[in-house]
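Participant: I am attaching a structure below and will ask some questions about it afterwards.
The values are calculated or read from the model by the stated rules, or taken from the named source; none is laboratory data. Remember, it's a predicted structure, so these values are computed and weren't measured experimentally. Neighbour counts run over all protein chains shown; Cβ positions are idealised from the backbone, glycine included. For accessibility, only protein heavy atoms count, side chains too; no ligands or nucleic acids. Shrake-Rupley method; radii C 1.70, N 1.55, O 1.52, S 1.80 Å.
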Amino acid sequence: MFRFEEPAYLYLLLLLPVLAALYLYSNYRKRKAIRKFGDPELMAQLMPDASRYRPDVKFALVLMAIGLFSLLLARPQFGSKLETVKRQGVEVMIALDISNSMLAEDVQPSRLEKAKRLVAQLVDRMQNDKVGMIVFAGDAFTQLPITSDYISAKMFLESIDPSLITKQGTAIAAAINLASRSFTPQEGVGRAIIVITDGENHEGGVAEAVKTATDKGIQVSVLGVGMPDGAPIPVEGSNDYRRDRDGNVIVTRLNEPMCQEIAKEGKGIYVRVDNTNNAQRAISKEIDKMAKADVETQVYTEFNEQFQAVAWLILLLLMAEMLITECKNPLFRNIHLFSNKKSDKKVG
């Protein structure tokens, strides 16, 4: 496994395009100043030792050295020993509704984007827990198997949008059943399913799915996204809204009673997701109250520093930059002059 011990230093790489832009601007000002003195070709003949490309090569070497120096400060490492460790934690499966109604903007910036930000904040608070993600609309599928890799979890979260499932609907029962089968077989671990939905147009079988989950000792909580008053569903790429067959604007409303009933039967909590962070705090507090057991996780426990190789590369680049002069190589210049004299003799 490859990692950086101090990844914050990688932000120094942002200096590279700035330095390159400044160098190009400096060259532009230099050429402009030379043109004021006379014809550029004539000026080049008056400065036969000046190389056109060597300054660029020297700058490129320095630029690469600066880039590698930022990598050096970030301390690149390779994992050398993989061990199975036990940590106190719980397992959480998040079932996220991605039906078109989640595009409504009664919660800013939209129901779906607010839900994704809430999940990201929830993952950020996790330490020794495991998390997995299921997305659902008219059907449900696993977006991320249960894992303790929080970086991957947030990467998969960013890629979620309604286009992942073409079949429309709100298959909450299918999502809960799939989530119930997605936990590890380890005994004694606290397990929770968090359903994030507006609950509109849900299909049947929800009560049975919740009972199956609770019989397995799984807690089911619900985060209701949206407002009971509802909002229209924007059409992506336009200023219009989705309409029914009669041309009327479709208004989607949060089905709060249904969400509350699921949470009650699932022995969990229900929280409405609004424009505050109250929902994230409430669900995090609920997870913290769950009984935590030893969760087995494979981690790299030893890392070998790789900065030595980077340091040698930086040293070689700086030495090459020092050895390369801005003037042309005298040998090449003499060969060029000799060829010019021979051509002059032939003409004579």
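Participant: Within the range 122-211, what whole-number % of the accessible surface is contributed by carbon and sulfur, with the 1.4 Å probe and all protein chains included in the calculation?
Facilitator: 52 percent
Participant: What fraction of the DSSP beta bridges in the range 125-261 is antiparallel, stated in percent and rounded to the nearest 5?
Facilitator: Restricted to the range 125-261, the bridges split so that about 55 percent are antiparallel.
Participant: Please report the accessible area of Y23 (heavy atoms, 1.4 Å probe, ligands and nucleic acids excluded) in Å², nearest 10.
Facilitator: 50 Å²
Participant: Which whole-angstrom value gives the distance between the alpha carbon centres of the range 146-173 and the range 263-282?
Facilitator: 19 Å
Participant: List the trypsin sites (Lys or Arg not before Pro) within the range 86-178 that DSSP assigns to loop and that have no more than 14 neighbouring Cβ atoms inside 10 Å.
Facilitator: Those satisfying the criteria are K167.
Participant: Could you give the nm distance between label points at Q127 and N248, where each point is 7 Å from its Cα heading toward the beta carbon?
Facilitator: 5.4 nm
Participant: Something else about it: Cβ under 11 Å from E105's Cβ, E105 left aside: what net charge do those residues give with Lys, Arg +1 and Asp, Glu -1?
Facilitator: Around E105, the surrounding residues sum to 0.
Participant: Here's something else I'd like to know. Could you work out the local net charge near L63, counting Lys and Arg as +1, Asp and Glu as -1, over the other residues with Cβ closer than 14 Å to its Cβ?
Facilitator: Net charge around L63: -1.
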